[in-house]
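Participant: Structure below; questions to follow.
The values are calculated or read from the model by the stated rules, or taken from the named source; none is laboratory data. These numbers come from a predicted model, not from an experiment. Cβ: placed from backbone, ideal geometry, glycine included. Neighbour counts: every protein chain shown. Accessible surface is based on the protein model in full, side chains and every heavy atom, while ligands, DNA and RNA are left aside. Shrake-Rupley method; radii C 1.70, N 1.55, O 1.52, S 1.80 Å.
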Amino acid sequence: MSGSTVDTEYEHGSFIGITETGGSERLGSAFARATIGINERVTLVTAAHGDACHSSSDTSSSSQTVGAFSPRVSLAYRMGDNGFTIRGSVFGGFRAPTLNELYRSFQVGNDLTFANETLTPERLKSAEAGVSFSRGPASIRVTGFWSVLDNAVTNVTLATSPEFNVRRRENADRIRSIGLEFEG
């Protein structure tokens, strides 16, 4: 992928200048999964996802290459013929910053947000467990989850005034999410 932005700047109707930004990004990924029926009630699923990403700026010397290995293990136990299943899984994830986040600054009203060529990928660690019931066309599922997202990409406010707010995309330290999901 490659992208570029050309901004023509005017102030009070007068031409000020042209700003060009942009870059390119190459992504590669491989995925493997195995489902193993341990017996008639227990199913084990193992998976692995490998990612590689290279990004480079068209207007500076900024360049980075990163990789990630994201495993997954899931187990499901069917409690006989009564329709109940208990399941759980642990897994990891990876998301590289987008070209937009790395290289495109923008302004909406009096909010100016700068891009950041030094952003690093987001990485996820998560676990979930739940129970489900299914009989005929009806089903109910309850799942509890716990997730930690490291290096989350977010907009950080650098300066504010009544006329202008200046922000920049940055990696946040850590975001934790714990919850319960109901589905019927």
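Participant: From the list Ala47, Ala34, which one is assigned to a strand (DSSP E or B), touching a residue at least 24 places away in the same chain (Cβ under 8 Å) and hydrophobic (A, V, I, L, M, F, W, C)?
Facilitator: Every option except Ala47 fails the conditions.
Participant: Among Ala138, Ala172, Ala115, Ala152, which is the only one that is closer than 16 Å to Phe94 by Cα and modelled with pLDDT under 95?
Facilitator: When all the criteria are applied, what remains is Ala172.
Participant: Could you please give the count of residues in segment 77-86 that are open to solvent by 50 Å² or more (accessible area, probe 1.4 Å) and outside any loop (DSSP other than H, G, I, E, B)?
Facilitator: Going through segment 77-86 one residue at a time, the tally reaches 4.
Residues checked against (1) surrounded by 12 or more Cβ atoms within 10 Å (Cβ to Cβ); (2) assigned to a strand (DSSP E or B); (3) in contact with a helix residue (DSSP H, G or I) (Cβ under 6 Å, 6 or more places away or on another chain):
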site: Glu101; (1), (2), (3): yes, no, no
site: Leu112; (1), (2), (3): yes, yes, no
site: Ala127; (1), (2), (3): yes, yes, no
site: Phe145; (1), (2), (3): yes, yes, no
site: Val148; (1), (2), (3): yes, yes, no
site: Ala159; (1), (2), (3): no, yes, no
site: Arg168; (1), (2), (3): yes, yes, no
site: Arg176; (1), (2), (3): no, yes, no
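Participant: Quick one: count up the residues across segment 80-128 that are under 22 Å from His49 (Cβ atoms) and among the small types (Gly, Ala, Ser).
Facilitator: 7
Participant: If a residue must be among the β-branched types (Val, Ile, Thr), surrounded by 12 or more Cβ atoms within 10 Å (Cβ to Cβ), under 21 Å from Pro97 (Cβ atoms) and modelled with pLDDT of 90 or more, how many such residues does segment 19-76 contain?
Facilitator: Selection size over segment 19-76: 1.
Participant: Out of all the residues in segment 159-181, which are among the aliphatic types (A, V, I, L, M), more than 13 Å from Ser126 (Cβ to Cβ) and in contact (Cβ under 8 Å) with a residue 24 or more places away in the chain?
Facilitator: Answer for segment 159-181, where residues must be among the aliphatic types (A, V, I, L, M), more than 13 Å from Ser126 (Cβ to Cβ) and in contact (Cβ under 8 Å) with a residue 24 or more places away in the chain: Val166, Leu180.
Participant: Another question, if that's okay. Among the residues of segment 1-17, write down those that are open to solvent by 100 Å² or more (accessible area, probe 1.4 Å) and either in contact with a strand residue (DSSP E or B) (Cβ under 6 Å, 6 or more places away or on another chain) or of a type in the set (Phe, Trp, Tyr) (or both).
Facilitator: Met1, Tyr10, Phe15
Participant: Out of all the residues in segment 90-98, is one or more open to solvent by 30 Å² or more (accessible area, probe 1.4 Å), part of a strand (DSSP E or B), farther than 19 Å from Ser29 by Cα and modelled with pLDDT of 95 or more?
Facilitator: yes
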